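Trainee: Let me give you the structure first, and then I'll get to my questions.
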Amino acid sequence: MDLVQPFADLHVDGVSKEIREQCQVLILTNDQVDELMRRLIVEINRGLRKETHPAADVKCFVTYVQDLPNGQEKGKFLALDLGGTNFRVLLIDLKDENHFEMRSKIYAIPKSIMLGSGEQLFDHIADCLVNFMKEQSVFDERLPLGFTFSFPLTQLGLSKGILARWTKGFNCSGVVNEDVVQLLKDALAKRRDGNQIEICAILNDTVGTLMSCAWKNKNCRIGLIIGTGTNACYVEKVENCEMFDGYKDPSKQCVIINTEWGAFGDNGALDFVRTEYDQMVDRFSLNPGKEILEKMSSGMYMGEVARLVLVKFTEAGLLFGGVGSDKLFERYRFFTKYVSEIESDQPGTFNYCHDVLDELGLEHATDEDCANVRYICECVSSRAAHLVSAGIAALINKMDEKRITVGVDGSVYRFHPKFHVRMTQKIKQLVNPDISFDLMLSEDGSGRGAALVAAVARREHH
């Protein structure tokens, strides 16, 4: 059997032949990656067209953000960043081009609120928002707020967004098909002391990432998140966006499109590269059959994919002498951070790997087991990098601009020791030869981007 290798940096020393053969299903061939790119563009075009949009999985929502930062944005702005089990409130003071001051606070969202009513969720956010303003001594100032809401939204304008569906473990009642800006306004109005806040833009974290990077780099045209979930946005010509409703300013040729590509594959388009491990992750998830790309590539699921491989190989007697542990057999107990830690070991050493396996009750693991475990983690994370790279390369080729910067954020990209390098190598193979690109880490998440969208909106309004 010819073994396909996705990267030269895979550590094959000490890896058993059986495990290398069994891991082949996790390694994408060049032909598969080419087909992935072709299928994604088909799905993106379906999302952009009015006739096919309702049935499209990759929704390509119009964000109505048409202006990128030009360096003239100044003043104090609030940003609210909701996209996971915590949310951030930020106060950002834009001084001049490339200079700003930022203060922020992170607030937890208890599980009971994540699965409770929408009213509870937005009351909790409103309480934290008002308390933050009081702590920062800006309660008496009327400040514009940019609201980063990192869930699939149908936008009807810059400050009106209808929740299409919950993801990332949220399931608050009474929010799907509702305008989340209005729900936050209602929660603030109930308090009587929340009238100092003017919500002037709603966006998702990819748009915030794009705007934040565009403030420093004028070539930034794509925003990518590869963290708990995965998503991308990009700058598209308005003429290609049939879902753009309302007034079209003839002086503005482009608009940012939020692809919501985590749902790529929901219609079976990724079945040709899905494995038994992906199907098992999906079957036991909160949303079976949904967000298929996200389940194959993002931080919420990557550790679980690796765990399922480890469990299968342990039960087959290929790992740990066939002896597992309660923690190994516990769903989601092999965290994605373990994948990053295990791949941080220097060649020939397994310090982090032994630490992780000890935590899992696998103190009997040998160095040979560690070599095999690292190889499995590398296959899972390399595949994730390939999947995301194929999507980014497809967008770059579609836009066909000669120089493009991709703004990137998210815990997987930020903390995995090899994700950036693997993405850069793969995208270079896949983009048209006359296009140059670079990947730019977003310095402060999507918070500054939300403030910048609010700042640009106010600039345009004035």
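Trainee: Any idea how many residues of the stretch 334-348 are outside any helix (DSSP H, G or I), over 26 Å from LYS17 (Cβ atoms) and either β-branched (Val, Ile, Thr) or out of contact with any helix residue (DSSP H, G or I) (no Cβ under 7 Å at 6 or more places or on another chain) (or both)?
Mentor: So the answer is 0.
Trainee: Still on this structure: Six or more apart or on different chains, Cβ under 7 Å: which pairs go from a residue in the stretch 216-238 that's of a type in the set (Gly, Ala, Ser) to one that's open to solvent by 20 Å² or more (accessible area, probe 1.4 Å) and assigned to a loop (DSSP other than H, G, I, E, B)? Could you list them?
Mentor: GLY229/LYS168
Trainee: Pull out all pairs, ordered by first then second residue, where Cβ-Cβ is under 8 Å, the residues are six or more apart or on different chains, the first lies in the stretch 170-193 and is farther than 14 Å from SER117 by Cα, and the second is crowded, with 21+ Cβ neighbours inside 10 Å and small (Gly, Ala, Ser).
Mentor: Qualifying pairs under 8 Å: ASP179/GLY161; VAL181/SER159; VAL181/GLY161; LEU188/ALA126; LYS190/ALA126; ARG191/ALA126.
Trainee: Please count how many residues of the stretch 21-37 are open to solvent by less than 60 Å² (accessible area, probe 1.4 Å) and of a type outside the set (S, T, N, Q). I'd like the intermediate steps shown before the answer.
Mentor: Just the residues of the stretch 21-37 that are open to solvent by less than 60 Å² (accessible area, probe 1.4 Å), to begin with: 23-24, 26-29, 32-33, 35-37.
Checking the rest, the ones that are also of a type outside the set (S, T, N, Q) come to 23, 26-28, 33, 35-37.
Matching residues across the stretch 21-37 total 8.
Trainee: Here's another thing I want to ask about it. Report the residue count in the stretch 313-326 for those that are open to solvent by 10 Å² or more (accessible area, probe 1.4 Å), touching a residue at least 12 places away in the same chain (Cβ under 8 Å) and part of a helix (DSSP H, G or I).
Mentor: Number of matching residues: 1.
Trainee: Now for a different question. Based on what the data block shows, is PHE335 open to solvent by 10 Å² or more (accessible area, probe 1.4 Å) and among the aromatic types (Phe, Trp, Tyr)? So that I can check it myself, show each step before the final result.
Mentor: Working: open to solvent by 10 Å² or more (accessible area, probe 1.4 Å): yes; among the aromatic types (Phe, Trp, Tyr): yes.
Yes; evaluated as a whole, the condition is true for this residue.
Trainee: Just to verify a result, which residue in the stretch 388-403, among those that are open to solvent by 10 Å² or more (accessible area, probe 1.4 Å) and assigned to a helix (DSSP H, G or I), is farthest from VAL235 (Cα to Cα)?
Mentor: Our first condition is that a residue be open to solvent by 10 Å² or more (accessible area, probe 1.4 Å); within the stretch 388-403, this holds for 397-403.
Applying the additional criterion that residues be assigned to a helix (DSSP H, G or I) yields 397-399.
Details: ASN397: 13, LYS398: 11, MET399: 8 Å.
Here the residue is ASN397.
Residue by residue, here is whether (1) in a loop (DSSP other than H, G, I, E, B); (2) buried (at least 24 other Cβ atoms within 10 Å of the Cβ) holds:
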{"site": "LEU188", "(1), (2)": "no, no"}
{"site": "ASP193", "(1), (2)": "yes, no"}
{"site": "VAL207", "(1), (2)": "no, yes"}
{"site": "ILE222", "(1), (2)": "no, yes"}
{"site": "THR228", "(1), (2)": "yes, no"}
{"site": "GLY246", "(1), (2)": "yes, no"}
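Trainee: Sticking with this structure for a sec: When you look at VAL408, is it over 30 Å from SER325 (Cβ atoms), under 24 Å from the mean Cα position of the chain (by Cα), surrounded by 15 or more Cβ atoms within 10 Å (Cβ to Cβ) and at pLDDT 95 or above, yes or no? Before the answer, list the steps.
Mentor: On the way: over 30 Å from SER325 (Cβ atoms): yes; under 24 Å from the mean Cα position of the chain (by Cα): yes; surrounded by 15 or more Cβ atoms within 10 Å (Cβ to Cβ): yes; at pLDDT 95 or above: yes.
The answer is yes for VAL408.
Trainee: Looking at the stretch 349-374, which of its residues are outside any helix (DSSP H, G or I) and not polar (S, T, N, Q)? Outline the logic, then answer.
Mentor: Initial filter on the stretch 349-374 (outside any helix (DSSP H, G or I)): 349-350, 360-366.
PHE350, LEU360, GLY361, LEU362, GLU363, HIS364, ALA365, listed by residue number.
Trainee: Looking at GLU198 and the list (1) in a loop (DSSP other than H, G, I, E, B); (2) over 22 Å from the mean Cα position of the chain (by Cα); (3) not hydrophobic (A, V, I, L, M, F, W, C), which single condition is not satisfied?
Mentor: (1) is the only condition that GLU198 fails.
The values are calculated or read from the model by the stated rules, or taken from the named source; none is laboratory data. It should be emphasised that the depicted structure is a prediction, and the values quoted were computed from it without experimental measurement. When we count neighbours, we look across all protein chains shown, and the Cβ atoms used for this are built from the backbone with ideal geometry, even at glycine. With ligands, DNA and RNA removed, areas are computed over all heavy atoms of the protein, side chains included. Shrake-Rupley method; radii C 1.70, N 1.55, O 1.52, S 1.80 Å.
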